[in-house]
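Coordinate-derived values only; no laboratory data. Note that the structure is a prediction, hence the values are computed from the model and not measured. Note: ideal-geometry Cβ built from the backbone for every residue, glycine included; neighbour counts use all protein chains shown.
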Amino acid sequence: MEALKEALMGALENHVAFTIPVLGGIPVADAVVVTWIVMAVWMILALALTRRLSVRSPGRVQTALEAAVAFLNGFARDTIGPHWRSFAPYLGTVALYIGLSNLIGIFGLTPPTKDISVTAALAVMSLVLIYGAQFRYNGLLGGLKKFAEPMPLLLPINLMEVAIRPMALCMRLFGNIVGAFIIMELIKFLVPAVVPAVLSIYFDLFDGLIQMAVFVFLTALFTGEGIKDAA
Amino acid sequence: MTVGMIAAGLAVMTGIGAGIGIGIATGKASEAIARQPEAAGKINSTLLLGCALAEGTAIFGFITALIMIFMG
Amino acid sequence: MLDFQLSTIVFTIVNLLVLYGFLRKFLFGRVNAVLEQREKLIREQVESAEAGQARARELQSQYEQKLSGAQAEAEKILADARTQAQKAYDDQIAQAQEASRRIRAEAEARIAAKEQEMLRGVRQEVAQLAVLAASQVAGKNLDRETDRAMVEEFLSEAGDRA
């Protein structure tokens with residue numbers, strides 16, 4: 001039992017990959033390094049897939065790419081409303097990043113989303129996006145007025161939501177990935193072969209993609225809530 | 001075995017509520033889709049959102065349990 | 001594991017912004033540009049097709065107009081030709097009638113002249129005969145010149161009376 005606990009503790013620890021020797025040493029966590037790998041993968045893929053785009057005769061890859069982007073645009077339009085255009089690329093970026101981060105455990109790397117700092121950063125970005133958009137499209141007064149909707153009585157709850165929404169986003173993503181990770185570790189501890197591979201399909205693939213969808217969906221929904229009826 | 005472990009076990013009980021909630025939501029969504037198959041897309045996205053929110057409570061319980069175990 | 005590391009948070013935010021800028025420019029920007037271009041292309045094609053259709057319709061109506069004008073013209077030409085032909089025919093008929101009338105008049109005049117001549121001949125002969133008969137009756141030769149004049153006067157009186 002103690003051995004299991006030790007193993008779990010070790011696996012759950014956020015290792016520091018290396019330290020940049022400036023300003024008294026800035027630690028660079030594993031998660032950041034894996035994030036760079038994820039970024040590199042997406043950047044290379046983006047460059048490779050969009051190299052020869054043709055308006056008149058799209059190939060098979062281009063058709064799939066266009067379908068995906070059109071789906072993203074449609075989703076953004078449905079959820080965010082008339083100002084969807086500037087938000088779709090960000091939502092797409094977050095979806096791609098979280099998606100690959102959640103799945104990268106399959107390739108033996110630690111998923112960055114297992115580090116609570118990463119999900120906190122994502123939540124902070126969502127917070128800035130949600131309330132930035134609310135003030136950007138409603139004006140300062142209109143944005144403040146949004147906090148008193150649908151009725152002034154709910155003002156404290158709406159103000160609490162400012163903190164709760166990103167907290168919930170952060171914890172949901174982190175908790176799901178860590179939960180799946182712990183369960184996978186336990187199973188590996190009990191049955192080292194075959195069974196973990198099968199269950200990894202559910203916990204890594206399915207749950208990872210679902211959490212990606214949920215994060216993006218909630219961010220878009222909260223953003224749209226603030227600006228849907230803004231001119 | 002400390003009191004912290006028991007507390008962690010209690011915290012994880014939030015999963016019961018989340019499970020029941022998600023079950024009810026999914027059941028109702030199935031009924032709704034059976035009644036109106038053409039609205040399946042909208043129902044699905046609403047279900048996803050509801051499940052995510054319901055699941056949130058379970059996740060919070062789970063994280064509380066983690067805090068109990070590893071920090072308590 | 002539940003400690004927030006400021007450096008990781010900052011790194012992740014910077015990473016996300018970099019990834020966002022990159023993907024926005026090279027993935028979503030490019031694909032959206034292609035989608036918009038295609039939309040524009042299709043819209044242009046539809047518009048040009050509609051314009052072509054409208055033009056074709058206009059041309060068709062023009063041709064139909066022209067066609068009906070040509071028909072009217074043809075009818076007019078036909079009518080003109082018909083009236084002209086009718087006139088020519090009438091002229092010819094009139095000429096022919098005129099000619100025949102003239103010929104007849106000439107013939108009648110000639111016949112009348114001949115009749116006159118014959119009548120004159122007959123009268124001379126009758127006068128001679130009468131002179132001959134009268135001289136025989138009188139038993140003597142009448143003076144040719146004076147007697148014949150007398151007889152002719154008598155005969156012409158008789159002819160006028162007859």
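Close amide H partners of A:A29, meaning residues 5 or more places away or on another chain with modelled amide H under 5 Å apart, are A:A17.
For the residue pairs A:K145/A:K228; A:K228/B:K42; A:K114/A:K188; A:K5/A:K114, the C-alpha atoms sit no more than 26 angstrom apart in every case. Between the range A:1-26 and the range C:15-44, the C-alpha centres lie 40 angstrom from each other. Cα centroids of the range C:89-126 and the range A:35-88: 116 Å apart. When you work out D = kT/(6 pi eta Rh) for chain A at 25 °C and 0.890 mPa s, using the Kirkwood radius from C-alpha pairs as Rh and the Stokes-Einstein form, the result is 123 µm²/s. Report summary: the helix-based calculation at 222 nm, which adds -39500 (n - 2.57) for every DSSP H run with n ≥ 4 and divides by the residues of chain C, gives -33500 deg cm²/dmol. Phi angles across the range C:42-56 convert, under the Karplus curve 6.51 cos²θ - 1.76 cosθ + 1.60 with θ = phi - 60°, into 3J(HN,Hα) values of 5, 4, 4, 5, 4, 5, 5, 5, 5, 4, x, 5, 4, 5, 4 Hz, Gly and Pro given as x. Whole-Hz Karplus values for the range A:113-130 come out as 6, 7, 8, 5, 5, 5, 5, 5, 4, 4, 5, 4, 4, 4, 4, 4, 4, 4 Hz, taken residue by residue from phi with 6.51 cos²θ - 1.76 cosθ + 1.60 and θ = phi - 60°; glycine and proline positions read x. Residue order for C:K114, A:K228, fewest other beta carbons within 10 angstrom first, comes to C:K114, A:K228. One equal scatterer on each Cα of the range C:29-109, no solvent, Debye formula: the resulting log10 I(q)/I(0) at q = 0.13, 0.19, 0.20, 0.23 Å⁻¹ is -0.73, -0.91, -0.94, -1.01. When both the range A:182-231 and the range B:5-19 are represented by their alpha-carbon centers, they are found 20 Å apart. Enter the angle in degrees (range 0 to 90, nearest 10) between the Cα long axis of helix B:3-12 and the first principal axis of the Cα atoms of chain B, meaning the one along which they spread out most. Between the helix axis and the principal axis of chain B, the angle is about 0 degrees. The chymotrypsin sites (Phe, Trp or Tyr not before Pro) of the range C:1-88 that meet both conditions, a loop assignment by DSSP and at most 15 other Cβ atoms within 10 Å of the site Cβ, are C:F4. Within the range B:21-71, the proportion of C-alpha pairs whose separation exceeds 17 Å stands at 46%. The aspartates and glutamates whose alpha-carbon is closer than 13 Å to the alpha-carbon of C:K66, local same-chain residues fewer than 8 away aside, are C:E58. The eigenvalues of the Cα gyration tensor, multiplied by 5 and square-rooted, give the range C:81-130 an equivalent ellipsoid with semi-axes of 47, 4, 4 Å from largest to smallest.
Each of C:T146, B:T26 was scored by other Cβ atoms within 10 Å of its Cβ. Listed from fewest to most, they are C:T146, B:T26.
Here the Karplus curve 6.51 cos²θ - 1.76 cosθ + 1.60, taken at θ = phi - 60°, turns the phi angles of the range C:90-98 into couplings of 4, 4, 4, 4, 4, 4, 4, 4, 4 Hz, with x standing for Gly and Pro.
For the protein assembly as shown, the alpha-carbon radius of gyration amounts to 2.61 times the rule-of-thumb value 2.2 N^0.38 Å expected for a compact globular protein. Distance distribution note for chain C: the fraction of Cα pairs above 21 angstrom is 80%.
With contacts taken as Cα pairs under 8 Å and at least 6 residues apart, the range A:11-72 reaches a relative contact order of 18 percent.
Global size of the range A:93-172: 16.1, 51 Å for Rg and Dmax (C-alpha atoms, Rg to one decimal, Dmax whole).
Ranking of C:R123, C:R102 by neighbouring Cβ atoms within 10 Å, starting from the fewest: C:R102, C:R123.
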